[in-house]
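K.L.:
Dropping a structure here in structure tokens format, bear with me for questions.
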Amino acid sequence: MGTFKIFIVDDDPFFGEMLKYHLQLNPDYEVQLFSTAKNCLSALFLNPDIICIDFGLPDIQGDELFKQIKNLYPDLPIIVISGQENIEVAINFLKQGAKDYIVKNEHTKELLWSSIIRLKENISLKQEVEDLKDELEKKYTFENTIIGQSESIKGIFSKINKALKSSINVSITGETGTGKEVVAKAIHYNSLRKNKPFVAVNMAAIPKELVESEFFGHEKGAFTGAAERASGKFEQANGGTIFLDEIAELDLNIQSKLLRALQEREITRVGGNQKIKLDVRVITATHKNLAQEVKKGTFREDLYYRIIGLPIELPPLREREQDTLILARHFIDLFSKENKIKPLGLSAEAKKKLLAYNFPGNVRELKSIIDLACVMSDHSEIMADDISFYTLEKDSESFLGEQKTLKQYTTDIILHFLKKNNNDVIKTAKFLNIGKSTIYNLISHAETKKLNNN
């Protein structure tokens, strides 16, 4: 903490100097002595860390000085030092918020020394907590967590900003590795709930028979192995945010219980009767299409409408234009900082290789590739040969295994890039190196077919 400022207010010059000398044996303590209350009040702008006041002062009584200081600086720790051993006086000061009450005798020095050490530790701990909160807020600002400058990412920023204005539920969709939890944390730590808990639950990682207990907690003896009461994730997140990842994996039976908890805004522990009120923001995420899951009967329609709230669809990395290189640079700097090495460059050929790859694992895969490339590089920059891709064979098979004609595959490709380019025919034609007429004919054919079907 650096220098620790202590004010002593005592009209007995000998006793005051004795305390000042004793405390200054610690080189970290800066001690100032005041003989009157008025002098102390006029020096409060110096921001002392602790004030020690005498109960009997010539100009203002100690209890009045105590009140005036508390009115100006409610959180400033005050120790009362008094010649009075009246227990009622001591209790009254402690009730009003005094951190300690020390009687003047031969033990005052040691008691004051111990009291200040204890308070200094508490102040240091509080400061550490505040620093951690500040660090956490900075860590989860949009600029530090969601890296990119593409139009699609700017659209995500706009959605997140809308989410911050209320406690509306948020549903995040996107392929694996697109950063769904990162977005959930960015929403929580920039919202009014940022000082409350953020609790993440991965549905796919919890055995079906344990989900209810994991969600709502249980009472002692509720089932075999329940040796004591345990709070659930919703109870732990109360006042804050609960992030339900892979929500589509939730069993239908538990879906109904989750729906009831969200509707009633209360839960009951397994094996218990006590109703626990909830004030929780729910953010869900899935890589599946929940609307399709509703149609298939694997996800409840009423729960779907309860959690959908503000939908945010994260784009895959392959649709984020130059963000791949921006993220690659970010991950190189991050790796260099963590491993205390000089940041590497990225060669032109390496950039081309990255931009030509479709990243089925998205941002998570890019980070893994860049980390390995940093390790493999023997130069001042990452070369193309340092970059290795480990595409799973099933990814290519899933595309080719749909039994389509070449014309159908061509149509799918054109429609994909047309959508990516916001239906800009000229831009799409230029990118695919085909004639504009090909795209116009495709659109015209699709419209004619639609009219005929109607």
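K.L.:
Can you give me the angle between helix 406-420 and the longest principal axis of the chain, using Cα atoms only, in degrees from 0 to 90, rounded to the nearest 10?
P.N.:
Approximately 30 degrees, to the nearest ten.
K.L.:
For the chain, report the accessible area per residue in Å² (1.4 Å probe, heavy atoms, rounded to an integer).
P.N.:
Numbers: 25920 Å² over 454 residues.
Heavy-atom accessible area per residue stands at 57 Å².
K.L.:
Can you tell me the 0 to 90 degree angle between the C-alpha axis of helix 252-264 and the longest principal axis of the chain, rounded to 10?
P.N.:
50 degrees
K.L.:
Still on this model: What full-extension length gain, to one decimal in nm, is calculated for Leu111 and Glu128 as 0.36 nm per residue of separation minus the Cα-Cα distance?
P.N.:
Numbers: separation 17, 0.36 × 17 = 6.12 nm, distance 2.58 nm.
This chain segment gains 3.5 nm when fully extended.
K.L.:
Each label point is 7 Å from the Cα along the Cα-to-Cβ direction; what then is the distance between the points at Lys296 and Leu46, in nm?
P.N.:
Each label point is offset 7 Å from its Cα along the Cβ direction, giving 7.2 nm.
K.L.:
Right, another one. Considering only the chain, what is the antiparallel percent among its DSSP beta bridges, to the nearest 5?
P.N.:
Values: 4 of 43 bridges.
In the chain, DSSP labels about 10 percent of beta bridges as antiparallel.
K.L.:
Go ahead and run the numbers for FRET between Ile168 and Phe14, Cβ-Cβ distance against an R0 of 60 Å, rounding to 0.05.
P.N.:
Numbers: r = 66 Å, r/R0 = 1.10.
For R0 = 60 Å, the calculated efficiency reads 0.35.
K.L.:
Relative to the first principal axis of the alpha-carbon coordinates of the chain, what is the inclination of helix 323-338, with its axis defined by its Cα atoms, in degrees from 0 to 90 and to the nearest 10?
P.N.:
Around 40 degrees separate the two axes.
K.L.:
Additional query: How much of the accessible area of the chain, probe 1.4 Å, is carbon plus sulfur, in whole percent?
P.N.:
Details: 13190 of 25920 Å².
Of the solvent-accessible surface of the chain, carbon and sulfur hold 51 percent.
K.L.:
Follow-up. Normalised by the number of residues in the chain, what is the relative contact order in percent for Cα pairs under 8 Å and 6+ residues apart? Display every interim value, and only then the final one.
P.N.:
Numbers: 620 pairs, mean separation 49.5, N = 454.
Rounded, it is 11 percent for the chain.
K.L.:
While we're here: For Rg and Dmax of the Cα atoms in Å, several values are listed as [x] 22.2, 72; [y] 32.1, 104; [z] 21.1, 76; flag the one computed from this structure.
P.N.:
Given [x] 22.2, 72; [y] 32.1, 104; [z] 21.1, 76, the calculated one carries the label [y].
K.L.:
To the nearest 0.05, how large is the calculated FRET efficiency for Glu313 and Thr3 if R₀ is 41 Å and r is the Cβ-Cβ distance? Write out the running numbers ahead of the final one.
P.N.:
Values: r = 53 Å, r/R0 = 1.29.
Calculated transfer efficiency: 0.20.
K.L.:
Need one number: nm distance between label points at Leu442 and Asn26, each 7 Å from Cα along Cα→Cβ, rounded to one decimal.
P.N.:
7.4 nm
K.L.:
Separate question: Can you list the lysines whose alpha carbon sits under 18 Å from that of Lys126, skipping same-chain ones fewer than 8 residues off?
P.N.:
Cα-Cα hits under 18 Å: Lys5, Lys99, Lys194, Lys196.
K.L.:
Run the numbers on segment 15-174 and let me know its relative contact order in percent, using alpha-carbon pairs under 8 Å that are six or more apart.
P.N.:
Numbers: 105 pairs, mean separation 21.5, N = 160.
Relative contact order of segment 15-174: 13 percent.
K.L.:
Once phi is turned into θ = phi - 60°, what whole-Hz ³J(HN,Hα) does the Karplus curve with 6.51, -1.76 and 1.60 give for every residue of segment 38-47, x standing for Gly and Pro?
P.N.:
4, 4, 5, 4, 6, 9, 5, 5, 6, 6
K.L.:
Based on DSSP loop calls and a cut-off of at most 12 other Cβ atoms within 10 Å, the longest stretch of the chain free of exposed GluC sites (Glu not before Pro) is what? If you can, show how the numbers build up before the last one.
P.N.:
On the way: sites that count: Glu85, Glu106, Glu228, Glu402.
Free of exposed loop sites, the longest segment is 229-401.
The values are calculated or read from the model by the stated rules, or taken from the named source; none is laboratory data. Just so we're clear, the structure is a prediction, and the values are computed from it rather than from any experiment. So basically every Cβ, Gly included, is an ideal-geometry build from the backbone, and we count neighbours across all protein chains shown. For accessibility, only protein heavy atoms count, side chains too; no ligands or nucleic acids. Shrake-Rupley method; radii C 1.70, N 1.55, O 1.52, S 1.80 Å.
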